[in-house]
1. For residue 34, indicate whether it is under 19 Å from the mean Cα position of the chain (by Cα), surrounded by 12 or more Cβ atoms within 10 Å (Cβ to Cβ) and at pLDDT below 50.
2. Write out, first by first residue and then by second, each pair whose Cβ atoms fall under 6 Å of each other, whose residues are 6+ apart or on separate chains, and whose first residue, in the stretch 55-74, is more than 15 Å from residue 103 (Cβ to Cβ) while the second is buried (at least 16 other Cβ atoms within 10 Å of the Cβ) and aromatic (Phe, Trp, Tyr).
3. Among the residues of the stretch 109-119, write down those that are under 19 Å from residue 52 (Cβ atoms) and out of contact with any Leu (no Cβ under 7 Å at 6 or more places or on another chain).
4. With respect to residue 20, determine if the residue is part of a loop (DSSP other than H, G, I, E, B) and either at pLDDT below 95 or touching a Phe, Trp or Tyr at 6+ places or on another chain (Cβ under 6 Å) (or both).
5. Does residue 119 fit the bill of being of a type outside the set (Lys, Arg), touching an Asp or Glu at 6+ places or on another chain (Cβ under 9 Å) and without any contact (Cβ under 8 Å) to a residue 40 or more places away in the chain?
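The values are calculated or read from the model by the stated rules, or taken from the named source; none is laboratory data. Please read all numbers here as calculations on a predicted model, not as lab measurements. Note: ideal-geometry Cβ built from the backbone for every residue, glycine included; neighbour counts use all protein chains shown.
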Amino acid sequence: MNKIAGLIPVACLLIVLSHAVPANADEGAVKKAVEAADNWLSLVDSDKYSESWEAAAAFFKGAVKKEKWPQSLASVRRPLGKVISRRLKSRQYTTSMAGAADGEYVVIQYETSFENKKAAVETVTPMREKDGSWKVSGYYIR
């Protein structure tokens, strides 16, 4: 067997595993976290930056001032232009995040194409709030 043929099954397995959720994670919780991320991103995509702050997790609101968020987000998102496409790349359930209290988080990555940036990765991190709801606690574009 040549080296390339041997790598293909491994590459396929890695792709499948990148969408896997750890056995200790509640698949329903992960699904709700992805829905929360998608809903939050729809606000951002519609330039509803103030509404996205309102819909964010308490942790997020404590870290980012309401008055500063629209300007900060606009300075990052507007140069990219409108979203052309977005595809779920990965989702990872975890109970700890650097710089945050232990809790329930899902780190979600999307492969996104914008008008002015064809290939980007958006990372959205919803967390489970005290009331059981999932809300975005972090957002990053690379």
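1. Numbers: under 19 Å from the mean Cα position of the chain (by Cα): yes; surrounded by 12 or more Cβ atoms within 10 Å (Cβ to Cβ): yes; at pLDDT below 50: no.
No, not satisfied.
2. Pairs found: 55/40; 66/53; 69/53; 70/49; 73/49.
3. Taking the stretch 109-119 first, the residues under 19 Å from residue 52 (Cβ atoms) are 109-110, 112, 114.
Correct list: 109, 112.
4. Values: part of a loop (DSSP other than H, G, I, E, B): yes; either at pLDDT below 95 or touching a Phe, Trp or Tyr at 6+ places or on another chain (Cβ under 6 Å) (or both): yes.
It is true that residue 20 is part of a loop (DSSP other than H, G, I, E, B) and either at pLDDT below 95 or touching a Phe, Trp or Tyr at 6+ places or on another chain (Cβ under 6 Å) (or both).
5. Values: of a type outside the set (Lys, Arg): yes; touching an Asp or Glu at 6+ places or on another chain (Cβ under 9 Å): yes; without any contact (Cβ under 8 Å) to a residue 40 or more places away in the chain: yes.
In short, yes.
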